[in-house]
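For reference, the structure discussed in these notes is given below.
The values are calculated or read from the model by the stated rules, or taken from the named source; none is laboratory data. Computed from a predicted model, the values in this text were never measured in an experiment. No Cβ is skipped: glycine too gets one built from the backbone with ideal geometry, and neighbour counts run over all protein chains shown.
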Amino acid sequence: MKTIVIIGAGRVATTLGRRLSRVARPVQVYSRTLSHARTLADDLGCEATNDPARLIVDADYYMVAVNDDAIAAVVDATPATSGVWFHTAGSCSIDVFKGKRARYGVLYPLISFTGNDDPVETPLYLEAVSDEVLSALTSLASGVGTIAGVITSEQRRRLHLAAVMTCNFTSHIWALAHDLLPSGSSFAAMMPLVRQLLSRVEGGAEPVDIQTGPARRGDLMTMDTHASMLAGTARDVYTLMSRSIGEMYHTDAEASLYGRVRGIVFDIDGVLSPSTITVSPAGEPLRGVNVKDGYAIQLAAKLGLPMAIISGARVEAIRPSCEAMGLHAVYLGVSDKLPVLRQWAQSQGLSLDSVAMVGDDVPDIPAMRAVGMAVAPEDAAAEVRAVARLVVPVKGGYGVARYLIERVLQSRGQWMDAAHAFGW
């Protein structure tokens, strides 16, 4: 029987070492940590070492099963031999052996070894410096799994990346989903969905054809509601995944609701300012604009996005602030907003279908019904939220304009536009 030296003592080395013992006799386990080497060596019935100078030099095979970023250091630290050297990594090039070993290759198992199981189905992808080494690895592979193909290092890197997204990313999403379940619920509640997806793919469907859900439909209201229920990186993951799905299925910007917006109209009270208004000692209402709203409004103005304010309030004091941000179409004391909206849209050459209207109370409803995208803050009147196509997950005066403008500019690729974004 051929002999093999196992370099590494982790989960991959342990699982593959046990399997390879069927077709090659383990004679040594090498690891930088002697106790780890001894644990595996005792299991395989061979000697252990943590001294590269004591590596057995007349074995037939040398398997390097360590972290990808440690392979080069291991090869440099150990002596060259006449045996076949191979590593098991997904992203490390075969060239890590070039100029250091004469006979070398790669035996990559496309499976996840957790240490708690020993999966029976193990597809293997091989790469070798010569036909002779490929033949030797093919013979060895019979004890490990089924050869799925002979591929290049670049192909293996792409395969490994696909595997990370398929397996590692999915299990992380499951972990995030588990945290969202009601108290006392088990992730088993999700298994009918998991089995349904797997059965579709196993039945021959391509992943691109089985996507469902709010991002696939372009259901922005549901997505924004979901995002408001999350925080931190979990919210970032949800937002980025939804955006990625949207880009895959809605490649034309005009197919995106945000992408269709060509102009925005804001109310003041309850939208750009909070619903509660501070009154000065003289009895005058004092209104302000959130600084993040202000930044977004001035950036949108610089980028040429038409915007207007149509408000029933009679507060001329706010006009200079609006004009300083580049928002010059300010209509105050308007009791019927729809005619003014139509007049403004016509002056900008906009159809109402391309306008977003942000309102928070009943007087805004006729205008909101007339536009392509009706938007409301989360604390808007119930009647207004029922009309809205999008309910922004922040209260009026606390970033409603920023939320909407950011997404509209993102849909155009202008949000972090270097020529305009970094200044007022």
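Filter region 98-112 for residues that are crowded, with 23+ Cβ neighbours inside 10 Å and hydrophobic (A, V, I, L, M, F, W, C) and give the result.
If the condition is that a residue be crowded, with 23+ Cβ neighbours inside 10 Å and hydrophobic (A, V, I, L, M, F, W, C), then V106, L107 are the ones that fit.
Name every residue in region 132-143 that is assigned to a helix (DSSP H, G or I) and either outside the structural domain of S93 (by TED's automatic domain parsing) or of a type in the set (S, T, N, Q) (or both), in order of residue number.
S135, T138, S139
Do we find a residue being under 14 Å from the mean Cα position of the chain (by Cα), at pLDDT below 85 and of a type outside the set (V, I, T) anywhere in region 260-283?
No, region 260-283 contains no residue that is under 14 Å from the mean Cα position of the chain (by Cα), at pLDDT below 85 and of a type outside the set (V, I, T).
Go through (1) more than 15 Å from V358 (Cα to Cα); (2) surrounded by 20 or more Cβ atoms within 10 Å (Cβ to Cβ); (3) touching a Cys at 6+ places or on another chain (Cβ under 8 Å) for I309 and report which single condition fails.
Answer for I309: the failing condition is (1).
When region 53-73 is examined, which residues are found to be more than 15 Å from V84 (Cα to Cα) and either among the acidic types (D, E) or touching a strand residue (DSSP E or B) at 6+ places or on another chain (Cβ under 7 Å) (or both)?
Correct list: V66, D68, D69, I71.
Which condition does D95 not pass, out of (1) modelled with pLDDT of 95 or more; (2) over 22 Å from V129 (Cβ atoms), if it passes all the others?
Result: D95 fails condition (2) only.
Is it true that I71 is free of Cβ contacts under 8 Å to residues at least 60 places away in the same chain, touching a His at 6+ places or on another chain (Cβ under 6 Å) and either part of a loop (DSSP other than H, G, I, E, B) or of a type outside the set (F, W, Y) (or both)?
Yes, satisfied.
Can you find a residue in region 237-253 that is loosely packed, with under 14 Cβ neighbours inside 10 Å, over 19 Å from the mean Cα position of the chain (by Cα) and at negative phi?
So far as region 237-253 goes, yes, one or more of its residues are loosely packed, with under 14 Cβ neighbours inside 10 Å, over 19 Å from the mean Cα position of the chain (by Cα) and at negative phi.
Taking region 144-154 only, how many residues are touching a residue at least 12 places away in the same chain (Cβ under 8 Å), out of contact with any Ser or Thr (no Cβ under 8 Å at 6 or more places or on another chain) and not in a strand (DSSP E or B)?
Residues meeting the conditions: 2.
Within region 319-352, how many residues are closer than 24 Å to Q298 by Cβ, of a type outside the set (G, A, S) and either without any contact (Cβ under 8 Å) to a residue 12 or more places away in the chain or not assigned by TED's automatic domain parsing to the domain that holds A301 (or both)?
Looking only at that region, the number is 3.
The rows are residues; the columns are (1) more than 32 Å from the chain's Cα centre (by Cα); (2) surrounded by 15 or more Cβ atoms within 10 Å (Cβ to Cβ); (3) aliphatic (A, V, I, L, M); (4) more than 19 Å from M223 (Cβ to Cβ).
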| residue | (1), (2), (3), (4) |
| --- | --- |
| Q343 | yes, no, no, yes |
| V358 | no, yes, yes, no |
| A370 | yes, yes, yes, yes |
| V387 | no, yes, yes, no |
| V394 | no, yes, yes, no |
| Y403 | no, yes, no, no |
| L409 | no, yes, yes, no |
| M416 | no, no, yes, yes |
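Return the pair list, or none, for Cβ contacts closer than 9 Å from residues in region 8-19 that are farther than 18 Å from N50 by Cβ to residues that are among the acidic types (D, E) and in a helix (DSSP H, G or I), at least 6 apart or on different chains.
These pairs meet every condition: R18/D43.
Can we say L176 is surrounded by 11 or more Cβ atoms within 10 Å (Cβ to Cβ), touching a residue at least 24 places away in the same chain (Cβ under 8 Å) and within 20 Å of G90 (Cα to Cα)?
Criteria not met by L176.
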